[in-house]
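Everything below concerns the one structure shown next.
The values are calculated or read from the model by the stated rules, or taken from the named source; none is laboratory data. The model shown is predicted, which means the values in this text are computed figures rather than measured ones. As a convention, Cβ positions derive from the backbone with ideal geometry for all residues, glycine included, and neighbour counts pool all protein chains shown. SASA here: full protein model, heavy atoms, side chains in, ligands and nucleic acids out. Shrake-Rupley method; radii C 1.70, N 1.55, O 1.52, S 1.80 Å.
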Amino acid sequence: MTSVALKKNYRCVQSLQQFYSGGPYTVSSDGSFIACACNDTITIVDSSNASIKSTIEGDSEPVTALTLSPDDKFLFSASHSRQIRVWDLSSLKCLRSWKGHQGPVMGMTCHASGGLLATAGADGKVQVWDVSGFCTHFFKGHKGVVTSVVFHPDPNRLLLFSASDDTTVRVWDLTLKKCVATLERHRSTVTSIAITEDGWTLLSGGRDQVVNMWDLHDYSCKMSIPTNEAIEAVCVIGTASPFLSCLRGKKTGDSHAFQYLTVGEHGLVRIWNSHGAVCLFQQSSSDVSVTKEDEEEAKRGFTSAVMLPSNQGLLCSTADQEFLFYSPTETPEGTFHLNLDKRLVGYNEEIVDMKFLGVEEQFLAVATSVEQVRVYDLSSMSCSYVLSGHTDIVLCLDTCTTTSGRTLIVTGSKDNTVRLWDSNSHCCIGIGRGHMGGIGAVSFAKKSQSFFVSGSSDLTLKVWSLDDLSDDVNEAFSLKTKSVTAAHHKDINALAIAPNDSLVCSGSQDRTARIWKLPDLTPGIVLKGHKRGIWSVEFSPVDQCVITGSGDKTIKIWAISDGSCLKTFEGHTSSVFKVQFISRGAQIVSCGADGLLKLWTVKTNECVATYDQHEDKVWALSVGKKTEMLVTGGSDAVINLWHDSTVADKEDAFRKEEEDVLKGQELENAVLDANYTKAIHLAFELRRPHKLFELFAQLCRREDAKDEVKKALGVIGMEEHRQLLEYIREWNTKPKLCHIAQFVLLHLFTILPPTEIVEMKGVGEVVEGLIPYSQRHYSRIERLERSTYLLDYTLNGMSLIEPETGVVENPKPKLQDSSMVVYSDEQQVSKKSSKKRKSQKSNAGNKKVKGM
């Protein structure tokens, strides 16, 4: 048997986070990104894969309005604080901000020239600003909240249109600075206004279930079209739009007619023709997933819609924070069809369970704290489809692929039922009733896929037969049970079926795990030892053992034969919710309430790696059977996808080692050539502080040390300067190295201005470490200097240092006179010092002088 390559590291390659909390959003001119309101922040989201490109921090108040400049360089935002802000999208910095309205800004739009910004306020005012924040126009006349504002599409016609919940639409002339028309025909809030391409027809839609067409020549109402639903958005279809080309068979012969679409509370997209108010197309069913809360309040559909630029289709937003991307197609029969291309989910609620789907594991089935199951495409991280049918939240799910290639999904819900789904038809093909409590765990048979097991809060286990399932059945039938047993004394949290379908293991809140023989659920071994409830169980793919994760923060491996505990893994700081085998049973991965994902090696009981990518409890963990990639999700509504990076990390380490060897050789060559500037730069790249110290020490011994050090420090960047300060802090702690550290520090402070030093990251901590040791070194040097004076004094007293002789009048004295003068001087010094010295030393000194 070949040895199994153990995994050493996983890398988070994709992440699906909350990016939209409902409310305002705006689309870029090329449709590549969407700026969304996410509570009090603004997220810039890539429209292709729902990844967050950047986040703009707000002012801790919910965002109420957003719009982009025509060139997508600036973003205008407003919040409940009434602040209007201008953001530079390249640097994500706020260029300017101001207050203008007495209430929150509910809508805003930018002129086609990019020089004017119009805002609609809850105070009933409409204001126009230049981009510097100066108010150029102040309009009042609405008696209610102004919901939307639109500039005329022709830049030469300076007209502004505003809609309000006072049921009116007003036309403002920016040249005359007054209201030129008030359009009154609606009986409820006007939610959307749009202008045709020729600029002479205005469409207004409201919650009174009517769309009005207005002639902008005389501001008269040409037609009122009943829609039988509250309208949330009206969009005009352009002449170059693909919608128009697909509708060519349904258009009338009127050359002046135009087409437009509406969305509203029913969640249906409908396309209309202006000639005769004919509905050309209506969706047969809604793509909006309605939750139980929505049904109790009212059936809410779309909240807004916008035609995407560059003929990319239609974007609709829903009340449950979803973006739906539509594109039109024409069937071979010549009929119009609207395709749902993507569904980006802005918020996933709390994630309770997840499983990979399909043979290639390209899809992910996710159960959240809602009644639907969302299936995501991992390539684009968009929601491919939604499985709706349960009447209460889904608690658990499992997936399998039959021998015929059919992919099935089983879900357990709080509505006491289990449902079987076909992933190809997206339909429910089986319903199992019989449990008296919510289903907390389900598991498919691993080998035969002919049954599945469910565990409920009614303390029972049920085995459900799939023998009546055929490949051509797409209608729901009643699932039948093979066997039932009362299993535990408390809720059942986890189930696992052995690889050979002979055993099933159940974990419960009663702190025990039990093994049952299939298909009759004959009682087997009871696994006792955990001090808290068991949240996860799993069979080993190769050994006769089972693993459990518990609320007592431990993971245990049990022998199936006698129920003995073989190993215990400790490391989590809170409850362990999920545990899975990988690497053919040689390793395990676990997650828990501490928000951590851990990788363990079974043989050594060692935790190989720990990952902290979640901010809350991690409830869900799934391992791909084919690729062994991981996916985690939890209470923070974040889904993280992990790939094994062991091989890649090993290759990167080998490549880095090769580069370090080559750079090390370059460093040695530079030292031999006395090219200290290059050598110091390479030492920084290689992160070799000891070699760097040796280079500076060699520079200090040179005559041109100052110039060489300044030259070397002048070519490195700010990050290297910060790193050098940290090295100097370490060198400065040792007396043997401090003189070099102080020498480099002096020249570093000479080169860098104080403003740049202050802006360095962590410079305060570095300086705090430099000051006390520098003071200690200077005190030590001062003490040394004072001690040298005592040495001079002692040597002088011992007559080892010849004092300065006095001035003699005779320029050429005799030898005897000269010696007498010297003697006389020496004798005076000897007399002064003899009081402080012993007599023996004094006599010895006198004898030495006489001898001289």
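What the table shows:
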read-out	value
Helix-only mean residue ellipticity at 222 nm for the chain, each DSSP H run of n ≥ 4 adding -39500 (n - 2.57), per residue, nearest 500	-6500 deg cm²/dmol
Karplus-derived 3J(HN,Hα), 6.51/-1.76/1.60, for each residue of the range 34-50, Hz, glycine and proline x	10, 9, 10, 7, 10, 6, 9, 10, 10, 10, 9, 10, 6, 6, 7, 9, 6
Rg/Rh (Cα only; Kirkwood hydrodynamic radius) as it applies to the range 85-161	0.97
Interchain or long-range residues, amide H under 5 Å from G595's placed H	V618
The range 621-749: radius of gyration and largest Cα-Cα distance (Dmax), Å	21.7, 68
Neighbour count of at most 10 Cβ within 10 Å plus DSSP loop: longest GluC sites (Glu not before Pro)-free window in the chain	1-332
Heavy atoms of K140: accessible area, 1.4 Å probe, square angstrom to 10	140 Å²
Whole-angstrom Cα spans of the range 120-161 along principal axes, big to small	29, 22, 14
Which of S204, S3, S425 is most accessible, then next, and so on - probe 1.4 Å	S3, S425, S204
Check: the chain dipole with +1 on Lys, Arg Cβ and -1 on Asp, Glu Cβ, in debye	4100 debye
Additional length obtainable on full extension of the chain from S450 to E719, 0.36 nm per residue less Cα span	90.6 nm
Cα-based equivalent ellipsoid, the chain: semi-axes from gyration tensor eigenvalues, Å	74, 47, 22
Nonlocal amide H pairs with Q209, under 5 Å, H built at 1.01 Å	I231
Rg over Rh [alpha-carbon atoms, Kirkwood Rh] for the range 487-583	0.93
Residue-normalised accessible area of the chain, given per residue in Å² at a 1.4 Å probe	48 Å²
Inter-label distance, nm, simple model (7 Å from Cα along the C-beta direction), F749/D218	8.5 nm
Accessible area (Å², 1.4 Å probe, nearest 10) - T788	60 Å²
Residue-wise HN-Hα coupling along the range 335-344, computed from phi with Karplus coefficients 6.51, -1.76, 1.60 (Hz; x: Gly, Pro)	8, 7, 9, 10, 9, 8, 7, 9, 9, 9
Computed lengthening from S310 to E668, 0.36 nm per intervening residue step minus Cα-Cα distance	123.1 nm
Per-pair calculated FRET efficiency, R0 = 25 Å: S502 and K528 via Cβ, rounded to 0.05	0.65
Long-range amide H partners of D341 with built H, under 5 Å	F325, Y326, S327
Förster radius 45 Å - calculated FRET efficiency between E57 and D154, Cβ distance, rounded to 0.05	0.75
Radius 14 Å from Cβ of D154, net charge of other residues (Lys, Arg +1; Asp, Glu -1)	-2
Fully extended contour minus Cα-Cα distance, from K625 to E765, at 0.36 nm per residue	45.5 nm
Accessible surface of the chain, 1.4 Å probe, proportion on carbon and sulfur as whole %	50 percent
Cα-Cα over 22 Å, subset of K462/K490; K446/K603; K528/K578; K93/K125	K446/K603; K93/K125
Environment charge of K656, counting only residues whose C-beta is closer than 12 Å and scoring Lys/Arg +1, Asp/Glu -1	-4
Separation of the R655 and K736 label points, Cα + 7 Å toward Cβ, nm	4.0 nm
Backbone HN-Hα couplings from phi across the range 226-240 [Karplus 6.51/-1.76/1.60, Hz, Gly and Pro as x]	x, 10, 6, 7, 5, 8, 10, 7, 10, 10, 7, 8, x, 5, 9
Cβ-defined net charge surrounding E606, 12 Å radius [Lys, Arg +1; Asp, Glu -1]	+3
Per-residue SASA entry for K447, accessible area with 1.4 Å probe, Å² rounded to 10	140 Å²
